[in-house]
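Enquirer: Got a structure for you, written out below as structure tokens; questions coming shortly.
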Amino acid sequence: IIICSIIVSILLGCMGGYIAYTFFHVGGGDNSDMGVDNVPETATTTTPSTTPDISQQEGDINTPMTVPTTSPPNPKDSDLDHSEDVTSDINNNLYNAEQDQSTNHDEEEDNHKENEKNDDTDTHMSNVDFSNTDYTVGVYYYPWYTQENDFHGQNYLRGELDPPQYPTLGEYNQDDPNTIAQHLKWSQQANINLWVTSWWGPDEITDQTTQKILNHKDLPKSNIKIALFYETRGRVSSDGDISNIYPDMDYIAQTYFGNPNYLEIQGRPVIYVYLARWLHLLDKLEVALVDMRSAAKANGYDDIYIVGDLAHGAPPDSHFDRTYEAFQWLDAITEFDIFGSMGRAEYAGNEGVELYRTSQEKWSDAAHHESCDFIPSITPGFNDKGVRTSDVSSMSRKIRSDAEFGSLFETMLTNALGQVDTNTGNLFMVNSFNQWHEDTQIEPVTGSLTSAPQNHTNGKAYEAYGTRYLDILHDGTQR
């Protein structure tokens, strides 16, 4: 009897181990060091550290460099310009990782979605003006071009073409109110009603310029709202030091929230978080978001609406995927690195655009399962060879080599309009209005058609497109 009892105990132990292994390791893949640490019961209240390091090399999150505290680093020296960085490594490790432990959620994080969305909500859930369109047409806006930094160090593709193509306004200075006034006029022309402005920290150039935009005399009548794009790689160190986040959000809440021209969704101030997927890989996303919400609450904002740059590459294929944790902490997800998600192809092709559409649709479905909103995103193309010397390819603004200029953008726009959420005011994002370093801008350009020099164009033709992309946006979104 004793021997039989021992044998039965051993068999039951083995079965329990097998069940536990199966539960935590569904899906296969690399699960090394991917667990999420338990979050402290209270949010951290750290003071700002010295400005953290960010990656120096595209796709490498381990090579640090120091970021100046007065302005974003010169693009020749860093990947600050969203070089579609940290793509394949994060995508392979994070989105195929298994859930190897459960997490304890801070009570505030558990309850931040008290006002759950439902299917009967009004179509327009934000404070955006919908006079001419049924959509919130958002663009990433870069407020870092000044006379002092020589158009942010120049180093942009259009200026390197032969013959060169230049912004219609020339290499402008955003300290000049006339520059902002013209950008507002062009935005109105295209039905753009939201600028998500790159923000690199208190009192540096993007902060100073964004405050000037909020106080510009033409902003209220333009009906354009402003939201901040929190540049994680400039505010969080490569080893995951998030001590800047609480004081940053404290500053943001005092400086920006409550301004009638600042974007609100569902009555809550909105902030975008660049590379939320990187924070999740570092097991820092949950506590970072707790810090953000805690700092906002300390300033009288009981809740904020946080959009995470998360929907990159292959969507999660299982509820055991750790990505589902992030859906519970964020209010909405989006994709910034469209070029990376589309495989960095020279020509996206109809098949590539369709694959991107279906992949993003799956991201949307997964997020909605956890009551997290989805914000589709589009781009006109990509080429960063004016700022980086890497061998990374560029993506033409033609969907195919024999297609029209602007065909990629137009096709992606049509797809995005079918993926918007009513919970966000039918919001979609354009990357970008004026990111000249990566040639994702839709801001008007002047010059002549050219395919030279070869080392910058790979033989692809580049047109001086004028207002083509503003016109495509207008025609596609006009009521």
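The values are calculated or read from the model by the stated rules, or taken from the named source; none is laboratory data. This is a predicted model, so every value here is computed, not measured. Here the Cβ is made from the backbone with ideal geometry for all residues, glycine too, and neighbour counts use every protein chain on show. Note: accessible area is taken over every heavy atom of the protein model, side chains too, but ligands, DNA and RNA are not part of it. Shrake-Rupley method; radii C 1.70, N 1.55, O 1.52, S 1.80 Å.
Enquirer: Could you work out how much longer the chain between residue 299 and residue 414 gets when fully extended? Use 0.36 nm per residue separation minus the Cα distance between them, nm to one decimal.
Expert: In short, 37.4 nm is gained.
Enquirer: Say R0 is 22 Å: what FRET efficiency, to the nearest 0.05, do residue 318 and residue 361 get from their beta-carbon distance? Can you show the working numbers first?
Expert: Numbers: r = 17 Å, r/R0 = 0.78.
Step by step, r from the Cβ atoms, then E = 0.80.
Enquirer: Extending each Cα 7 Å along its Cβ direction at residue 175 and residue 448, get the distance between those two points in nm, one decimal.
Expert: 3.5 nm
Enquirer: Follow-up question, since we're still on this one. Please compute the modelled spin-label separation between residue 390 and residue 239, points set 7 Å along Cα→Cβ, answer in nm with one decimal.
Expert: 2.4 nm
Enquirer: Still on this structure: Using 0.36 nm times the number of residues separating residue 203 and residue 218, minus their current alpha carbon distance, what extension gain do you get? Walk me through the intermediate numbers first.
Expert: Values: separation 15, 0.36 × 15 = 5.40 nm, distance 2.31 nm.
Residue separation times 0.36 nm, minus the Cα-Cα distance, leaves 3.1 nm.
Enquirer: Given the protein chains as shown and a 1.4 Å probe, how many square angstrom of residue 285 are accessible, to the nearest 10?
Expert: That residue has around 0 Å² of solvent-accessible surface.
Enquirer: On to the next question. In debye, nearest 20: dipole of the stretch 268-381 around its Cα centre with unit charges on the Cβ of K, R (+) and D, E (-)?
Expert: Computed charge dipole of the stretch 268-381: roughly 260 debye.
Enquirer: Just to compare against my own numbers: the Cα pair-distance distribution for the stretch 389-479, 10 Å bins, whole % per bin, please.
Expert: Final binned percentages: 14, 45, 30, 10, 1.
Enquirer: Also: Which pairs, out of 362/398; 185/212; 225/398, put more than 27 Å between their alpha-carbon atoms?
Expert: Numbers: 362/398 25 Å; 185/212 16 Å; 225/398 31 Å.
Exceeds cut-off: 225/398.
Enquirer: Within the stretch 203-243, what residues put their amide N at less than 15 Å from the label point 7 Å along the Cα-to-Cβ vector of residue 254?
Expert: Flagged as within label range: 203-204.
Enquirer: Using 7 Å Cα-to-Cβ label points, what is the residue 147/residue 168 separation (nm, one decimal)?
Expert: The two pseudo-label positions are separated by 2.4 nm.
Enquirer: Hey, could you pull the Cα Rg and Dmax for the stretch 228-379, both in Å?
Expert: Final numbers for Rg and Dmax: 15.9, 49 Å.
Enquirer: Treating each Cα of the stretch 123-268 as an identical point scatterer and ignoring solvent, apply the Debye formula and state log10 I(q)/I(0) at q = 0.16 Å⁻¹.
Expert: For the stretch 123-268, the Cα-only Debye profile gives -0.95.
Enquirer: Once the dipole of the stretch 210-339 is set up with Lys and Arg at +1 and Asp and Glu at -1 on Cβ about the Cα centre, which of 315, 332, 285 lies farthest towards its positive end?
Expert: Of the options given, the answer is 332.
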